[in-house]
Amino acid sequence: MQRTSMPLSYTQEEEALAAIAKALAHPVRIRILKLLAGHACCFTGELTGLIPMAQSTISQHLKALKEAELIQGEISPPKVKYCINRERWEQAKELFGAFFDFEGDGGCCS
């Protein structure tokens, strides 16, 4: 059953904010970002020493962060080096700042 005949579309900002929020929706990913933000770069092998999880689990979290473009990686066999994608990091700060600064019309629960 179709609820509306009009297709729903989103702005680029809404799509970007949702992608970033989805990537941030796990505490391990938050921890990874905090660790990477404090260093120029980090190898995935080093992360397993800081986060007590299997390498494969950490790799899946890194993949989600990379898909959201919050981190970038460089292959240096046999390891992969990851660091914060500073451009996307700044965009995330702007998007979340604008989102949380929005006051609306007072809402229905005033």
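Restricting to region 47-59, name every residue that is of a type outside the set (A, V, I, L, M, F, W, C) and surrounded by 14 or more Cβ atoms within 10 Å (Cβ to Cβ).
Taking region 47-59 first, the residues of a type outside the set (A, V, I, L, M, F, W, C) are 48-49, 52, 55-57, 59.
48, 59 - these are the residues of region 47-59 that are of a type outside the set (A, V, I, L, M, F, W, C) and surrounded by 14 or more Cβ atoms within 10 Å (Cβ to Cβ).
Modelled with pLDDT of 90 or more, surrounded by 12 or more Cβ atoms within 10 Å (Cβ to Cβ) and in contact with a Cys (Cβ under 8 Å, 6 or more places away or on another chain): which single residue out of 65, 70, 35, 24 fits that description?
Numbers: 65 fails: in contact with a Cys (Cβ under 8 Å, 6 or more places away or on another chain); 70 fails: in contact with a Cys (Cβ under 8 Å, 6 or more places away or on another chain); 24 fails: in contact with a Cys (Cβ under 8 Å, 6 or more places away or on another chain).
Result of the check over 65, 70, 35, 24: 35.
Do you know which residues across region 74-103 are more than 21 Å from residue 13 (Cβ to Cβ) and surrounded by fewer than 17 Cβ atoms within 10 Å (Cβ to Cβ)?
Residues satisfying the conditions are 74, 75, 76, 77, 78, 79, 80, 81, 83.
In region 1-15, which residues are among the polar types (S, T, N, Q) and modelled with pLDDT of 90 or more?
Start the filter on region 1-15 by keeping residues that are among the polar types (S, T, N, Q), which leaves 2, 4-5, 9, 11-12.
Of everything in region 1-15, those that are among the polar types (S, T, N, Q) and modelled with pLDDT of 90 or more turn out to be 9, 11, 12.
The values are calculated or read from the model by the stated rules, or taken from the named source; none is laboratory data. Note that the coordinates shown come from a computational prediction; the quantities given were computed from them, not determined experimentally. Reconstructed Cβ throughout: ideal geometry from the backbone, glycine too, with neighbour counts over all protein chains shown.
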